[in-house]
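Structure, as structure tokens:
The values are calculated or read from the model by the stated rules, or taken from the named source; none is laboratory data. Remember, predicted model here, so these are calculated numbers, not experimental data. Note that we place each Cβ from the backbone using ideal geometry, even for glycine, and neighbour counts take in every protein chain shown. These area figures cover heavy atoms from the full protein model, side chains too; ligands, DNA and RNA do not enter into them. Shrake-Rupley method; radii C 1.70, N 1.55, O 1.52, S 1.80 Å.
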There are 2 protein chains.
Amino acid sequence: MMLGHRTWFFENKPRIIATGTICGPFEGNGKIPNDFDTIHADLWLGQDSYEKAQKVMFEEACAKAIEKAGLTKEKIEFLLAGDLINQITPTSFASRTLSTPYIGLFGACSTSMEGLALASLIVDSDYGKNVLAGTASHNTATEKQFRYPTEYGGQKPPTAQWTVTAAGAAVVSKQGDGPVVTSATLGRVIDMGMTDPFNMGGAMAPAAVDTISAHLKDRNIDASYYDYIFTGDLGSIGREIALDLFKKHSIPMDKEKFQDCGLLIYKDDQPVLAGGSGCGCSAGVTYGHLLNRMKQGEIKRMLVVATGALLSPLSFQQNETIPCIAHAVAIEAGGATG
Amino acid sequence: MMLGHRTWFFENKPRIIATGTICGPFEGNGKIPNDFDTIHADLWLGQDSYEKAQKVMFEEACAKAIEKAGLTKEKIEFLLAGDLINQITPTSFASRTLSTPYIGLFGACSTSMEGLALASLIVDSDYGKNVLAGTASHNTATEKQFRYPTEYGGQKPPTAQWTVTAAGAAVVSKQGDGPVVTSATLGRVIDMGMTDPFNMGGAMAPAAVDTISAHLKDRNIDASYYDYIFTGDLGSIGREIALDLFKKHSIPMDKEKFQDCGLLIYKDDQPVLAGGSGCGCSAGVTYGHLLNRMKQGEIKRMLVVATGALLSPLSFQQNETIPCIAHAVAIEAGGATG
């Protein structure tokens, strides 16, 4: 219950008591396969459409998180979730399965931290005891909708990113053990006039820098407070631009400590151009890999800054520029409930 | 700061201190033209696409609400909003104009009350002082996306509804005068297996009944507590089905006091089949017409239950049924801040 400009300070220690992470075969061959609860060998997950495969993947992530929390779905009061597919149908159909009160979100690839910020707010202010937040993306469902049918075999420039097939969900609660969500900074729409949908990282970098700057200012800290700042999916191009922008605005930022979820998930020899992207990228990497590193004591404090490009194929066709946003959530290692 | 199962009880009296409502020419010829702040004579609003027209309409609703609240946009801490267009681009572009921290929502036509519930929670728990919630829909932008190009002149069955061209926004604050948001009940996804996208009201009725039942149970009241219960946009068919369901479940419901926003906006001789629908329907009617009736003393307590059909053209083509949801917000007349 404290507001610092754009930042919510959570004083009652909402915790991430359990998470579920699921991924596809390509991600299973990546750099961090052991950080996923389930790796699917088949991109279809036994469904007859990629959208349904995404739905099943998200259902599995939710079920896994609830199971690991030692809860049943009836104990989950609210689900905050969304995805990139038109009218977020995979998430809504998964919510039908879960049968939990449901707050649908749209933040493109920023959805993971948008949901975690709101879930933490609900728990912190006693409006919910166990709240679930999560999101998913599926490579071919997204490609089909936003770009070309994959059968077309269209080439992409090196600035393009690869949509991650993954889902991640987290149970936020005041009771139980787990890392504490200490604060969250909500993003504004930042649009620097970029129009190239094959360079999302470049478009999103200014939004990430805007939110990180606001977060540091609101908390009255500098970036060294965190062991790491992880952006959602700027990829290699967007990350470089963000580092340039920090320099330009005289915001000290240790290059080694400024990492990107889209650069953590795949091996160097996987052909993902500038890196991973998609709603499931920051959700899967944060709720699996990063929280595991926190559990192992390697990370004590981190800021996860999920970035989203809020365009649509139609807005691109109508010659609009790409509006971008970034939501930041601070996660800090914490002991048992006091 | 109180949770009753699915219902948030707001103890610190978050108030709707000002609203803005904008509509198109067809709505301006409807039953409640005087309840809109601005009526546009041109469906294009001077833009070169209907999506951009919707964006401008929503910007105007936000600007009007902020102006009437005696604030500037810099004083608005968060915007909670969404719409029905793919990737909610009209809302995101409007948010770019506003430059306020932005929480993007997707709840189809339930977005109005999803946003108002969350805005009230943020204000009630001191995470925001002045929070803006709103949504918009545009008839031809929606028709084009969900059904057929209007030029095709396709016929519709009498169960179909007419997407309202309107926008509504509300400033929620603890400081100032205005009706109090006393509680909110979040909806679950309810899907009774209906597949006809030309009968949304019928599909959504069970979701409305589910949420209203939960709300009455959580508050331990019966429907007579409210002067009126207004559903978002069930239309005439959905309203009849909801009344049947109340009877079936032995929930007393006075037919005269159970009204629908989709049946309040147009004149009887306007060719809207089963009534109005769209995100802007419940937003425009609630923030204009209903709050005006509250101001005039005719309504003291009302429950607004915005209903949403969470389908997409693709999910329909993939033979999925229509998942529906309803979010309810209780608004009660209140004096000046104590």
Among the residues that make up the range A:118-126, is at least one of them touching a Pro at 6+ places or on another chain (Cβ under 7 Å), of a type in the set (S, T, N, Q), buried (at least 20 other Cβ atoms within 10 Å of the Cβ) and at the interface with chain B (Cβ under 10 Å from one of its Cβ atoms)? no
In the range A:4-39, which residue that is open to solvent by 10 Å² or more (accessible area, probe 1.4 Å) and within 14 Å of another protein chain (Cβ to nearest Cβ) is modelled with the lowest pLDDT? A:G4
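If a residue counts only when it is under 23 Å from A:P206 (Cα atoms), which helices (runs of 4 or more DSSP H) contained entirely in the range A:219-338 have at least 1 such residues? Give the steps one after another, and end with the answer.
Numbers: elements: A:235-248, A:261-264, A:279-284, A:291-295, A:313-317.
By residue number, A:235-248, A:261-264, A:279-284, A:313-317.
Which one of these is without any contact (Cβ under 8 Å) to a residue 24 or more places away in the chain, crowded, with 24+ Cβ neighbours inside 10 Å and in contact with a helix residue (DSSP H, G or I) (Cβ under 7 Å, 6 or more places away or on another chain): A:S315, A:S277? Before you say what the answer is, go through the steps one by one.
Numbers: A:S277 fails: without any contact (Cβ under 8 Å) to a residue 24 or more places away in the chain.
Every option except A:S315 fails the conditions.
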Is it the case that B:A136 is within 20 Å of the chain's Cα centre (by Cα) and farther than 18 Å from B:E114 by Cβ? no
Would you confirm whether or not the range A:184-192 contains a residue that is open to solvent by less than 10 Å² (accessible area, probe 1.4 Å), in contact with a helix residue (DSSP H, G or I) (Cβ under 8 Å, 6 or more places away or on another chain), under 21 Å from A:R15 (Cα atoms) and not β-branched (V, I, T)? yes
I'm trying to understand the selection: among the residues of the range A:163-193, which are within 21 Å of A:E51 (Cβ to Cβ) and either part of a loop (DSSP other than H, G, I, E, B) or modelled with pLDDT under 95 (or both)? A:V164, A:T165
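Given the residues A:A309, A:A283, which is the only one that is within 12 Å of another protein chain (Cβ to nearest Cβ) and either under 14 Å from the mean Cα position of the chain (by Cα) or β-branched (V, I, T) (or both)? Before you say what the answer is, go through the steps one by one.
Details: A:A283 fails: within 12 Å of another protein chain (Cβ to nearest Cβ).
A:A309 is the lone residue from the list that is within 12 Å of another protein chain (Cβ to nearest Cβ) and either under 14 Å from the mean Cα position of the chain (by Cα) or β-branched (V, I, T) (or both).
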For the range A:215-234, enumerate the residues that are open to solvent by less than 40 Å² (accessible area, probe 1.4 Å), over 19 Å from the mean Cα position of the chain (by Cα) and within 16 Å of A:G187 (Cα to Cα). A:L216, A:D218
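Taking the range A:78-97 only, how many residues are more than 7 Å from chain B (Cβ to nearest Cβ), under 18 Å from A:N130 (Cβ atoms) and crowded, with 24+ Cβ neighbours inside 10 Å?
Summing the residues that are more than 7 Å from chain B (Cβ to nearest Cβ), under 18 Å from A:N130 (Cβ atoms) and crowded, with 24+ Cβ neighbours inside 10 Å in the range A:78-97 gives 4.
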Residues of the range A:107-126 being without any contact (Cβ under 8 Å) to a residue 40 or more places away in the chain and of a type in the set (A, V, I, L, M, F, W, C), in sequence order, are A:L118
Please verify whether B:A166 is open to solvent by less than 30 Å² (accessible area, probe 1.4 Å) and within 11 Å of chain A (Cβ to nearest Cβ), treating the condition exactly as stated. no
Unmet criterion (only one of (1) in contact (Cβ under 8 Å) with a residue 40 or more places away in the chain; (2) of a type in the set (S, T, N, Q); (3) open to solvent by less than 10 Å² (accessible area, probe 1.4 Å); (4) within 14 Å of chain A (Cβ to nearest Cβ)) for B:N130: (3)
